[in-house]
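Visitor: Mind having a look at this structure? Questions to follow.
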Amino acid sequence: DAPVEKYEYQAEVSRLMNLIVNSLYSNKEVFLRELISNASDALDKLRFLSVTEPQLLEGASELDIRIQTDQDNGIITLTDSGIGMTHQELVDSLGTIAHSGTAKFLKALKDSKDAGSDSNLIGQFGVGFYSAFLVADKVVVSTKSPKSDKQFVWEGEANSSSYIVREETDPEKMIPRGTRITLHLKHDDTGFAHPERIEKLVKNYSQFLSFPIYTWQEKGYTKEVEVDEDPAEAKKDGTDDGVKKKKKTKKIVEKYWEWDLTNETQPIWLRNPKEVTTEEYNEFYKKTFNEYLEPLASSHFTTEGEVEFRSILYVPAVTPMGKEDIVNPKTKNIRLYVKRVFISDDFDGELFPRYLSFVKGVVDSNDLPLNVSREILQESRVVRIMRKRLVRKAFDMILGISMSENREDYEKFWENFGKHLKLGCIEDRENHKRLAPLLRFFSSQSEEEMISLDEYVENMKPDQKDIYYIAADSVTSAKNTPFLERLYEKELEVLFLVDPIDEVAVTNLKSYKEKNFVDISKEDLDIGDKNEEKEKEMKQEYGHICDWMKKRLGDKVASVQISNRLKTSPCVLVSGKFGWSANMERLMKAQTV
Ligand code: ADP
Ligand code: MG
């Protein structure tokens, strides 16, 4: 017989297994979701590879998932004809934690102080393969990769810190390709090994899967059989001749078992948007991206003509766990399909500018080659057009949120992704027109609630030409600056740019609806009340004081000037017309440490 190798779990896995086995009692049925999702990933990988290597499909051309229950012995088997695992892959994958979902879970677990919420967390994040131990005390994985000519078995038990790997030798257990997982259910969980229960769970969890799932179901059909008539009955008729027995037909139910297709496999994005409900879109989102909150908005569209593709995009309601890097996002938020075949979730950067990296969704193109690579994407005209359309749709979707009656929705969006849009103002000149209306700022007349530029423009005085702003590190310091005195007096609204990136964004925009952005802390501020006569007079009277001050201050200032911008303060320090503002100066300093 083949030798049995014993391996220890990575420490994190041990801890996780311990938690799963000993302290999680609710939400157990998520094990099925996790195993189905792994099977589906494995099928996706195979389908993708088989495009260029069709021989991979040899021996088992069907790509499907089959789930069988054995009620008497409390066993569930789940078989997929996917990519399978080699010996090395088996040891690397089942015994360590190298994947996103589970890492997310462990992080959330660390963050949650309340131990009682663990079982909720498991439902939200999933713990991948190990969730099999929610219901099983022994799990056997038998797997055959097309890259290997041998089939291998992984065997683990609930309260053990090690697992074993050996070669599969039982001829009855051989599979042409893929993975079979056998769950030996815990005594209290044998109820899961019931065909109807499994059917219900599969329907619930794999609504949007693109591979068929078959479950092993008991069926019955009625058939008519001829039986001899009961002699007693015959006698009553008075037809008993004592020799001939009368025949009679009777209906009986013949039982048998067969594979039953349990899910619908048409991808949701191929359906007519008019026929898909918001609930379905939200469900699809949660299942596809492993999210537990509904998205803030979604958009489903098809483009035809020059370039043909379908897409569903979403704006999440939360920022991703942990510290997100908007400069170098590694998001896996866009799942690219070519003619229904899942290609990769690694091409976000090719399909969206990085400042929109928070948008999630699926994109299915008919015009790209199936063996598409990053290089092809980067040079493709088709992709350039797709990108443009996707960006436009993303903006429409965000604009939709901003116009929602529920102001809170956009506040939430802004809090999460406002920074991204400001980054967009810096990086995407072409879309300034779409970005600007989405920006929000505090102002001298709205310190509590942020306003849009449209609201600002509406509130402008009839003779006001510019949009005024002051950059500061908080609303409090903005509203206390002496620069504001005269503008307050004249009831001119001033935007408070309190996020360090605000000023850079606004300077990049330059103007909105043909009104320039003007920094009120710079020299030569013209708020429309210049009185040349008076200025001349003042200059004559106080000119020599200015000269004297300049002499005293020397290089510390560029010049000392008379101005009409103050009301109560005697003097103020302003920035030169072409120099950096004080805020920018602060920012640059902070960046060059
Ligand atoms: P994740 O799916 O997030 O990667 P899992 O714990 O669910 O994490 O699975 C761990 C790894 O085990 C997968 O990434 C995959 O490499 C491998 N795996 C699990 N199930 C299968 C399967 N049915 N077929 C092939 N590989 C699998
Ligand atoms: Mg998984």
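The values are calculated or read from the model by the stated rules, or taken from the named source; none is laboratory data. Note that the structure is predicted; figures quoted are calculated from it, not measured. So basically every Cβ, Gly included, is an ideal-geometry build from the backbone, and we count neighbours across all protein chains shown.
Visitor: Could you please find all residues in segment 68-100 being at pLDDT 95 or above, more than 16 Å from ligand 2 (Cβ to nearest atom) and hydrophobic (A, V, I, L, M, F, W, C)?
Guide: I75, I76
Visitor: Could you tell me whether L438 is touching a strand residue (DSSP E or B) at 6+ places or on another chain (Cβ under 6 Å), surrounded by 19 or more Cβ atoms within 10 Å (Cβ to Cβ) and of a type in the set (A, V, I, L, M)?
Guide: When the stated conditions are applied, L438 does not pass them.
Visitor: Which of the residues belonging to segment 487-533 are at pLDDT below 90 and touching a Leu at 6+ places or on another chain (Cβ under 6 Å)?
Guide: Within segment 487-533, P500 is the sole residue that qualifies.
Visitor: For segment 119-127, indicate whether the set of residues that are within 15 Å of ligand 1 (Cβ to nearest atom), part of a loop (DSSP other than H, G, I, E, B), within 27 Å of the chain's Cα centre (by Cα) and at pLDDT 95 or above is non-empty.
Guide: no
Visitor: Condition first: farther than 23 Å from I65 by Cβ and either part of a loop (DSSP other than H, G, I, E, B) or within 16 Å of ligand 1 (Cβ to nearest atom) (or both). Now tell me which residues in segment 151-182 satisfy that.
Guide: Passing the criteria: A158, N159, S160, S161, Y163, V165, T169.
Visitor: Related question: Starting from segment 269-281, take each residue that is among the aliphatic types (A, V, I, L, M) and list its partners that are surrounded by 14 or more Cβ atoms within 10 Å (Cβ to Cβ) and assigned to a helix (DSSP H, G or I), counting only C-beta distances under 8 angstrom and pairs at least six apart or across chains.
Guide: V276/I268
Visitor: For K28, indicate whether it is of a type in the set (D, E, K, R) and part of a loop (DSSP other than H, G, I, E, B).
Guide: Working: of a type in the set (D, E, K, R): yes; part of a loop (DSSP other than H, G, I, E, B): yes.
Answer is yes for this residue.
Visitor: Can you name every residue in segment 166-198 that is surrounded by fewer than 13 Cβ atoms within 10 Å (Cβ to Cβ) and within 33 Å of the chain's Cα centre (by Cα)?
Guide: Of everything in segment 166-198, just one residue is surrounded by fewer than 13 Cβ atoms within 10 Å (Cβ to Cβ) and within 33 Å of the chain's Cα centre (by Cα), namely E196.
Visitor: Right, something else. Would it be correct to say that A103 is modelled with pLDDT under 90, under 20 Å from F152 (Cβ atoms) and not β-branched (V, I, T)?
Guide: Taking the combined requirement at face value, the residue does not satisfy it.
Visitor: Taking V518 as meeting all but one of (1) within 46 Å of the chain's Cα centre (by Cα); (2) under 21 Å from L573 (Cα atoms); (3) not in a strand (DSSP E or B), write down the number of the exception.
Guide: That leaves (3) as the condition not met.
Visitor: Can you find even one residue in segment 17-32 that is small (G, A, S) and under 30 Å from T169 (Cβ atoms)? Let's see the steps before the verdict.
Guide: Initial filter on segment 17-32 (small (G, A, S)): 23, 26.
If we keep only those that are under 30 Å from T169 (Cβ atoms) as well, we get none.
No, segment 17-32 has no match at all.
Visitor: Continuing with the same structure: Determine if segment 42-49 includes at least one residue that is in contact with a helix residue (DSSP H, G or I) (Cβ under 7 Å, 6 or more places away or on another chain) and more than 16 Å from ligand 2 (Cβ to nearest atom).
Guide: Yes, some residue in segment 42-49 is in contact with a helix residue (DSSP H, G or I) (Cβ under 7 Å, 6 or more places away or on another chain) and more than 16 Å from ligand 2 (Cβ to nearest atom).
Visitor: Still on this structure, please answer the following. If L183 satisfies every condition in (1) within 16 Å of ligand 2 (Cβ to nearest atom); (2) more than 16 Å from E89 (Cα to Cα); (3) at pLDDT below 95 but one, which is the exception?
Guide: (3)
Visitor: All but one of (1) surrounded by fewer than 18 Cβ atoms within 10 Å (Cβ to Cβ); (2) over 21 Å from I36 (Cα atoms) hold for Y163; which doesn't?
Guide: Of the numbered conditions (1) surrounded by fewer than 18 Cβ atoms within 10 Å (Cβ to Cβ); (2) over 21 Å from I36 (Cα atoms), the odd one out for Y163 is (1).
Visitor: Also: Please verify whether V363 is closer than 27 Å to L63 by Cα, of a type in the set (A, V, I, L, M), outside any helix (DSSP H, G or I) and within 21 Å of the chain's Cα centre (by Cα), treating the condition exactly as stated. Break it down into steps so the answer makes sense when it comes.
Guide: On the way: closer than 27 Å to L63 by Cα: yes; of a type in the set (A, V, I, L, M): yes; outside any helix (DSSP H, G or I): yes; within 21 Å of the chain's Cα centre (by Cα): yes.
Spelling it out, V363 is indeed closer than 27 Å to L63 by Cα, of a type in the set (A, V, I, L, M), outside any helix (DSSP H, G or I) and within 21 Å of the chain's Cα centre (by Cα).
Visitor: Restricting to segment 289-310, name every residue that is under 21 Å from I398 (Cα atoms) and out of contact with any helix residue (DSSP H, G or I) (no Cβ under 9 Å at 6 or more places or on another chain).
Guide: Scanning segment 289-310 gives a single hit, F289.
Here's the yes/no breakdown for (1) over 22 Å from G191 (Cβ atoms); (2) within 21 Å of the chain's Cα centre (by Cα):
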position	(1), (2)
K6	yes, no
E12	yes, no
L19	yes, no
L24	no, no
K28	no, no
L32	no, no
S40	yes, yes
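Visitor: OK, next. Which condition does N459 not pass, out of (1) out of contact with any Asp or Glu (no Cβ under 7 Å at 6 or more places or on another chain); (2) surrounded by fewer than 16 Cβ atoms within 10 Å (Cβ to Cβ); (3) modelled with pLDDT of 95 or more; (4) of a type outside the set (A, V, I, L, M, F, W, C), if it passes all the others?
Guide: N459 satisfies all of (1) out of contact with any Asp or Glu (no Cβ under 7 Å at 6 or more places or on another chain); (2) surrounded by fewer than 16 Cβ atoms within 10 Å (Cβ to Cβ); (3) modelled with pLDDT of 95 or more; (4) of a type outside the set (A, V, I, L, M, F, W, C) except (1).
Visitor: Separate question: Which condition from (1) buried (at least 17 other Cβ atoms within 10 Å of the Cβ); (2) more than 30 Å from E218 (Cβ to Cβ); (3) among the polar types (S, T, N, Q) is the one that N22 breaks?
Guide: Looking at each condition in turn, N22 falls short on (1).
Visitor: Right, next: Determine whether D396 is in contact with a Leu (Cβ under 8 Å, 6 or more places away or on another chain) and not hydrophobic (A, V, I, L, M, F, W, C).
Guide: The answer is no for D396.
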